[in-house]
Amino acid sequence: MNHPQFHDGLSKRPTDGTERSKILPRLLDVGIVLILLLATVAINLRMIRYGLNGIGDSRWHLTWLQHFSKQLFEGIVYPRWLAGTNFGYGSPTFVFYPPLVYYLGAGLKALGLTFEQMVNTLFSGAIFFSGISFFIFGRSYWGRFPSLVGALAYMLSPGIMYLTNGGGLAGLYSFVWSPLILYFTHRSIYWPGDRLSGDRLTGGHWPGGHWPAIALD
């Protein structure tokens, strides 16, 4: 296995050609991120322009986002019981339902976004980061441009489109973690030193995103 070479300050400085060869891949990565961002806007344009369609699970997620963030701002670190739902009788929603997306929503609301902007950002973020995570995974196998095509196809996959149009917010974020788990599993096989970092990171956050997705895998 080749190990990275370290140089002290007296080492010869790289030539202009070497510097350009390091800058070009970074520019390509930035361009790919912009392409995925534009693709996200195009995929979710209807919601961005006209708001959530109100079908499927969206009404539940809107209610949970509102009451979860309200109780979080009142000082309840983990609002398992949503006291304001069901006409004041409450609901044990987050005794069993994964809370990660609702923490993200509360964070966006704390930044000053309106409720509609927060919802649009959450759905668009799930689509965008699904593409980014697939690109990270695919680049380790196929290189940049095939991985970009794969990421765009992944963003347009039936599962993501169904959950976006059907308002399945928490389930939508499970598509972000799946490629990252595959990526870090690949790394843990070929680079055992990474075994304790990436797998724990993704494996720990994925259940917080959507527990039922684990049963499907």
Discussion item. What does the charge count around Ile32 come to, taking other residues whose C-beta lies under 12 Å from its C-beta (Lys +1, Arg +1, Asp -1, Glu -1)?
Written reply: +2
Worksheet entry | Amide proton proximity set for Leu82, modelled H, under 5 Å, gap of 5+ | Ser91, Thr93, Phe94
Discussion item. Using the basic label-point model (7 angstrom from Cα toward the beta carbon), what is the Ile76 to Ser21 distance in nanometres?
Written reply: 5.9 nm
Response to the item:
Computed ³J(HN,Hα) along the stretch 40-48: with the Karplus parameters 6.51/-1.76/1.60, θ = phi - 60°, integer Hz and x for glycine or proline, the list is 4, 4, 5, 5, 9, 5, 4, 5, 5
Discussion item. Please list, in order along the stretch 179-189, the HN-Hα scalar couplings obtained from phi with the Karplus expression 6.51 cos²θ - 1.76 cosθ + 1.60 (θ = phi - 60°), rounded to whole Hz, x for Gly and Pro.
Written reply: x, 5, 5, 5, 5, 6, 5, 4, 5, 5, 6
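Readers should treat all values here as calculations from the given coordinates under stated rules, not as data from a laboratory. Quick caveat: nothing in here was measured; it's all calculated off a predicted structure. Positions of Cβ are generated from backbone atoms using ideal geometry, with glycine treated the same way; all protein chains shown enter the neighbour counts.
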